[in-house]
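Remarks on the structure that follows.
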Amino acid sequence: MSEHIAFIGGGNMASAIISGLIRQGFASQHMDVVEPFPEAREKLKSHFGIEAHAQAGDFLGRATIVLWAVKPQTFKEAALQVRFHTKDALHLSVAAGIRSDSIAHWLGNERVIRTMPNTPALIGKGITALYPRPAVTEKDRQLAERIVSTTGEFLWLDAESQLDAVTAISGSGPAYMFYFMEAMTAAGAEMGLPREQAYKLAVATFIGAGELARASSEPPEILRQRVTSKGGTTYAAITSMDESQIKPLFAKALHAARKRATELGDEFGES
């Protein structure tokens, strides 16, 4: 890739993408990072050899792609500092909730792609959903794909509103998996297993089940049924969860996450 990339924000998600790009042979000297926190700048230097900048400046003018990895509440302020340097760049945002109308307005640039990655991107096992504004060209889409593919899989969405659902399912999703791992580990310890063994079993089970689902053409209902013999141990567990209404409660939790993603756009969007 011959492009020059600027990262606004140098935290975990930016670091995941930077790491992926470097693994694919993209030179760190073709990247600039704006990161206000000294600890994060030092981490970027020690891990990737990148001298990050504390604030925006003329150096951003060389960027052909700008990747926004800032918190929703700081996006507008950062955009107003960057906009005069990046009018000709393609902009990719990984900020939850902030809509492309707001981003385009703040930046004075219609070439905006909103994305929603997730934290397994840190090890190249993430999945990213993307939504392009109408001004985004086919070449822009290909560049975006080359960037996000360094962190795992990707898919394009037909409607921007779908990103709030993606945020609820895969963006926040790793936390749900860890939540269930916590519960399984605690239960295993209560049943007499050493905690480290219970945790190893929980992690391996999630990984294995995920890979089995990926390899299978059958829906999860069928995969679940294949493990569930009536009157058996799995049946006892599933029956207990059904009696406690775990499935509708879990769905309710995902709807709460989607609602909050929408609220972030309302709260910190265009004004």
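Observations, loosely collected:
- Legend: ranking of residues LEU44, LEU223 from fewest to most surrounding C-beta atoms inside 10 Å; resulting order LEU223, LEU44.
- Too-long pairs where the Cα-Cα distance tops 32 Å, listed order kept, from LYS45/LYS125; LYS43/LYS247; LYS139/LYS200; LYS200/LYS247; LYS76/LYS200; LYS45/LYS76: LYS43/LYS247; LYS139/LYS200; LYS76/LYS200
- Convex hull volume per residue for the range 5-162, taking Cα atoms only, in Å³: 100
- Neighbour-count ranking [beta-carbon atoms within 10 angstrom, fewest first] of MET116, MET241: MET241, MET116
- Base-10 log of normalised Debye intensity for the range 175-225 (one unit scatterer per alpha-carbon) at q = 0.20, 0.21, 0.24 Å⁻¹: -0.72, -0.76, -0.86
- Sites excluded, trypsin sites (Lys or Arg not before Pro) in DSSP loops with at most 16 other C-beta within 10 Å, longest stretch of the chain: 126-229
- MRE, 222 nm, helices only [DSSP H, n ≥ 4, -39500 (n - 2.57), over the chain, to nearest 500]: -15500 deg cm²/dmol
- Alpha carbon Rg of the range 173-261, scaled by the compact-globule rule 2.2 N^0.38 Å: 1.21
- Across the range 78-86, rounded Karplus estimates of 3J(HN,Hα) from the backbone phi angles (6.51 cos²θ - 1.76 cosθ + 1.60, θ = phi - 60°) give 5, 4, 5, 7, 8, 4, 6, 9, 10 Hz, Gly and Pro being marked x.
- Among GLU221, GLU35, GLU77, the order by Cβ neighbours within 10 angstrom, fewest to most, reads GLU221, GLU77, GLU35.
- Just so you know, the Rg over Rh for the range 1-90 is 0.93, from Cα atoms, with Rh as the Kirkwood radius.
- For the chain, the spread of Cα positions along each principal axis, largest first, Å: 68, 38, 32
- Placed amide H near HIS53: partners under 5 Å, 5+ positions off or other chain: VAL33, VAL34, GLU35
Coordinate-derived values only; no laboratory data. The model shown is predicted, which means the values in this text are computed figures rather than measured ones. Using ideal geometry, Cβ is built from the backbone for each residue, glycine included, and neighbour counts are taken over all protein chains shown.
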